[in-house]
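Data block below; observations after.
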Amino acid sequence: DAGVTQSPTHLIKTRGQHVTLRCSPISGHKSVSWYQQVLGQGPQFIFQYYEKEERGRGNFPDRFSARQFPNYSSELNVNALLLGDSALYLCASSSEGVVGAGELFFGEGSRLTVL
Amino acid sequence: GQNIDQPTEMTATEGAIVQINCTYQTSGFNGLFWYQQHAGEAPTFLSYNVLDGLEEKGRFSSFLSRSKGYSYLLLKELQMKDSASYLCAVSFSGATNKLIFGTGTLLAVQP
């Protein structure tokens, strides 16, 4: 079975541009979470979606938005990119909406570089 | 805040045992996870502790003391492939839809 898949794996953007990152969860998983991991740091929670509804939002500006589609895949959008948005963006899927009730499985991530 | 504290770096010798500590704020604690992350790769799940005590899984064990806000990950019979970052993450009640991660402990295993 395929794990969590993310695309693109690497991308380079310039300041002010917009980016869309995509994630397909493990088949049967209804929850998708997005995390930002800056080099040398642990992942930071951005969003969680469960059954197509936003269930949580981390401390990120409104430039960050996301959605979940009927097939449970998800997109993360970031507008007006800043240099500080350069990071590895991780998608995690789980069968449950509550962490601990189901294990979180992470994708390989999308590495965004903003120049 | 809900700070998760762990050492930044550790070095150990192949075949030895290493213990990576993690401390967290006890208020609202729901569960604690350990993940392994090799450079440039996704974090992979190692263990989940919700009750006090030791959970053993092969060469890896994880311990939790809820009253002390303390956990450790024990790696035995170290192998070179164990060189990686080890992330401690906690879920808190009222926000059980997310994990709060520490900065990670970069473990270097030397011959």
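Quick note: the coordinates plus some simple rules give every number you see, no bench work behind them. Note that this is a predicted model, so its numbers are computed, not measured. No Cβ is skipped: glycine too gets one built from the backbone with ideal geometry, and neighbour counts run over all protein chains shown.
List of remarks:
- The ranking of A:12, A:26, B:100 by Cβ neighbour count inside 10 Å, starting from the fewest, reads A:12, A:26, B:100.
- DSSP-assigned coil residues among trypsin sites (Lys or Arg not before Pro) in region A:1-97, each with at most 12 further Cβ atoms within 10 Å: A:15
- Counting every pair of alpha carbons in chain A, the share spaced more than 16 Å apart comes to 55 percent.
- Summed residue charge, Cβ within 15 Å of residue B:44's Cβ, Lys/Arg positive, Asp/Glu negative: -1
- Calculated P(r) of chain B - Cα pairs past 21 Å, %: 31 percent
- Euclidean distance of C-alpha centroids, region B:45-98 and region A:3-68, integer Å: 25 Å
- Amide H to amide H distances under 5 Å link residue B:10 with B:106, B:107, B:108, where only residues 5 or more positions off or on other chains count and H is placed in the peptide plane.
- Per residue of B:39-46, other chain Cβ atoms within 10 Å of the residue Cβ number 5 on average.
- Gyration tensor (alpha-carbon) shape descriptor, the protein assembly as shown, a/c threshold 1.5: prolate
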